[in-house]
Structure formats: structure tokens, C-alpha cells
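Please read the structure below before turning to the comments.
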Amino acid sequence: MRKPTAGESVFLAGTLTTALLTTGAVVPNVIQELQEDARQTNEELKRQNLPHPADVFTAGLITGLVAGAIGTTKVISDKLNNP
């Protein structure tokens, strides 16, 4: 592997510094916007008396797990009863 030239090293250092500064400037704004969006979403859910998405996800997950357990039990039972 060859050693990078001085120009390549300066270019890389400049690129990394720019990326770091850009990320430092952009990320807090993105976080703030996401927090504002979440606040607005929660207000809209309350206003329309809708369930929270996390609750709906949890209910779906539990339903899927129960259905999977019942299906698995049925398959095992069929295998045991019909060798």
C-alpha cells in the first residue's frame, strides 16, 4: 500500500473536517424537527382520539405471537398424533 501524498492528506483532512462541521450543524436541527413532528403527531392523535402507534404495534405483535404459538402447537400436535 502506498503512502498518501501531502495533497491527498490535506484533502482528506479537509473533507473530514467539513463533514464533521456539517454534521454538528445539521444533526441538532434534525433532532429538533423530529421532536416537533412527534409533538404534533401526539396532539393530533389525542385530538382525533386515536390509539398511539406504539400501542397498535404492541397489540399487533402480541396477536402475531399468539397466532404463531397456536399454529406451531397445531403443527406439533398433528405430527405427534399422525406419525
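The values are calculated or read from the model by the stated rules, or taken from the named source; none is laboratory data. What you see is a predicted model; the values in this text were computed from it and never measured. For neighbour counting, all protein chains shown are included, and Cβ atoms are generated from backbone atoms with ideal geometry for every residue, glycine included. With ligands, DNA and RNA removed, areas are computed over all heavy atoms of the protein, side chains included. Shrake-Rupley method; radii C 1.70, N 1.55, O 1.52, S 1.80 Å.
For the list (1) modelled with pLDDT of 85 or more; (2) open to solvent by 100 Å² or more (accessible area, probe 1.4 Å), I need the number of the one condition that Leu21 fails.
Of (1) modelled with pLDDT of 85 or more; (2) open to solvent by 100 Å² or more (accessible area, probe 1.4 Å), only one is false for Leu21: (1).
Quick one: Leu50 ticks every box in (1) in a helix (DSSP H, G or I); (2) surrounded by 10 or more Cβ atoms within 10 Å (Cβ to Cβ); (3) of a type in the set (A, V, I, L, M) except a single one, so which number is it?
For Leu50, the failing item is (1).
Could you please give the count of residues in segment 24-40 that are open to solvent by 100 Å² or more (accessible area, probe 1.4 Å) and among the charged types (D, E, K, R)?
2
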